[in-house]
Amino acid sequence: MVVNGHKMESQEVRERSKGVIDFDLFKMGRHLIVKMHTLIKTSQVYDAKNTIFQQFLQESLQSLNALIRREGELSLKIVQENLFINRQRLRYSIEGFTSYKFFLTFLKNRLIGEIIFRKPLDDLTLTAFIYDLIGLKEEEERNADLLSEQLVHRGISWIEVNPVEVFEGEAERMTLSKEGIQKMGKTTYFESIRTIKEVITQMMRTQHADVRKLKLLALRTVYLLMKDESHMLGLTTIKNYDDYTFNHSVNVSIYSMAIGRRLGFSKKLLTDLGIAGFLHDIGKAKIPKEILNKPGKLDEIEWGIIKNHPLQGVEIVLKLKQLGGINPRIVMGIFDHHLKSSLSGYPKLFRKTKVSLFGRIIQIADVYDALSTPRVYRKEAFTPEQALAIMLKDGETEYDPILLKTFIGLVGIYPIGSLVLLNTNEMGIVYKLNPDSQLLNRPQVILVEKDDKGGTSKKSIDLAETDEKGQFKWNIVKPLDPYKYHIDLAKYFM
Ligand SMILES: [Fe+2]
Ligand SMILES: [Fe+2]
């Protein structure tokens, strides 16, 4: 960050001479940030009745309302390390730097990205807003929603709050604790399910959809996979949470991105792959529910309709009026995901071709998730090991052998989420693989036992651990079927 008054000033003068810069806006903006800084600080120490608080409240109000009156409405938005005031980047003065930095960090830590004031405020409204704001917990992903809800509850409809946007490159710089990462993983997972549902419903109705949010969620998932791959993969044990297709699409997206990461994909490519995963079954939105969820065998016509979903998906995506970054690679991935290496899958092709890389990756993620999820026509799902065994049996004729190998390296011999019996007669759930490929049979497991309050335990052991004699302390005897023991695996990853 440049803290060079001269450099900034000359830049301002240049922009001003071009007529781009609104000097008064900046001056008033800087003043406001200094006032807000003091007000937030004071509110953290004093209650609203305190004279000092009241003094700073009045000063902030004056500054804030002067700007709102001048501008009509006022947006304070954070974009990476910058603060924008009504879409113009605010240049801080040297004297104002501490306040600028404080305000930026304060909002970023609470994952608040934008505050919009639509009309001037009175004492009570600003007081309520400030105390609600400082009451937010750091690193809580839902803060923007929580704050908005509180405002609505108070009958304040003219202040809008939006969450911070995570940008490429910025993700790595964000330093969240392990718990923070896992919390973010969980909220990102469920938000992805909700967003896919929204996007698909919107697409079907209007042929318009804003896929920028999906892009943001894919990017966030890339970041989370980098920080804690095991936890993110563990979340895919959540099956049939809502409508199968949406939940499945998120799982396929996570597996696909995890494979892509092992292959060294760039972040841009991973994000595209994630979006393709999210949307791979979008064509199913056109299939009647009675066919999609039919418990019995499908007749030939019904099968024909199901087999048409990759093509329907491409059609939906291509018809979209406003794409917000759908790349041809994504379209190919949707088209290809049931084609198989031998091209024996569907849709039937007129001309021999090679299945795209996205298609080959999504295919593996898709089959694995489908096999390990219970469905209406197959109440009991295969265990993770059974699902892998089935895929290995079909091997090269169906899958790209290198990608299948990569996938096994990712989920392990005992994939994350497997239930295993140990030689101590205890049951464990695999939650983290051993990074040493020679020790894939020695993952870390969470012991299945109830804690004091009857909840699920979080006690974990590392099967690679040895005793004084150098003997392994625990061994896996065999995998078990979690459905037989009525164990809800997803609970252990939540
Ligand atoms: Fe599909
Ligand atoms: Fe699928």
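The values are calculated or read from the model by the stated rules, or taken from the named source; none is laboratory data. Not measured: the values here are computed from a predicted model. As a convention, Cβ positions derive from the backbone with ideal geometry for all residues, glycine included, and neighbour counts pool all protein chains shown.
Brief remarks on what is shown
- Out of 126, 107, 121, 90, sole residue that is under 24 Å from the mean Cα position of the chain (by Cα) and either within 18 Å of residue 28 (Cβ to Cβ) or in the same structural domain as residue 53 (by TED's automatic domain parsing) (or both): 107
- Flag if residue 278 is among the aromatic types (Phe, Trp, Tyr), surrounded by 23 or more Cβ atoms within 10 Å (Cβ to Cβ), within 16 Å of ligand 1 (Cβ to nearest atom) and at negative phi: yes
- Residues within segment 240-260 that are modelled with pLDDT under 95 and away from ligand 1 (no atom under 16 Å from the Cβ), tallied: 3
- Residue in segment 217-226 that is more than 16 Å from ligand 1 (Cβ to nearest atom), outside any helix (DSSP H, G or I) and closer than 15 Å to residue 410 by Cα present: no
- Residue under evaluation residue 261, criteria (1) surrounded by fewer than 20 Cβ atoms within 10 Å (Cβ to Cβ); (2) within 13 Å of ligand 2 (Cβ to nearest atom); (3) closer than 27 Å to residue 404 by Cβ, criterion not met: (2)
- Residue, farthest from ligand 2 (Cβ to nearest atom), within segment 281-304, restricted to residues that are surrounded by fewer than 18 Cβ atoms within 10 Å (Cβ to Cβ) and closer than 20 Å to residue 340 by Cα: 304
- Within segment 279-290, no residue that is without any contact (Cβ under 8 Å) to a residue 40 or more places away in the chain sits with its Cβ atom under 7 Å from a residue that is in a loop (DSSP other than H, G, I, E, B) and more than 10 Å from ligand 1 (Cβ to nearest atom) at 6+ positions apart or across chains.
- Selected residue [out of contact with any helix residue (DSSP H, G or I) (no Cβ under 9 Å at 6 or more places or on another chain) and part of a loop (DSSP other than H, G, I, E, B)] from 487, 413: 487
- Residue pairs meeting the criteria (Cβ under 9 Å; at least 6 apart or on separate chains; first on the phi > 0 side of the Ramachandran plot, in segment 326-354; second surrounded by 17 or more Cβ atoms within 10 Å (Cβ to Cβ)): 340/346; 340/355; 340/363; 340/398; 340/399; 343/355
- Unique residue being polar (S, T, N, Q), crowded, with 18+ Cβ neighbours inside 10 Å and either assigned by TED's automatic domain parsing to the domain that holds residue 406 or touching a helix residue (DSSP H, G or I) at 6+ places or on another chain (Cβ under 8 Å) (or both) when the list is 344, 372: 372
- Residue match in segment 303-317 (condition: aromatic (Phe, Trp, Tyr) and within 16 Å of ligand 1 (Cβ to nearest atom)): yes
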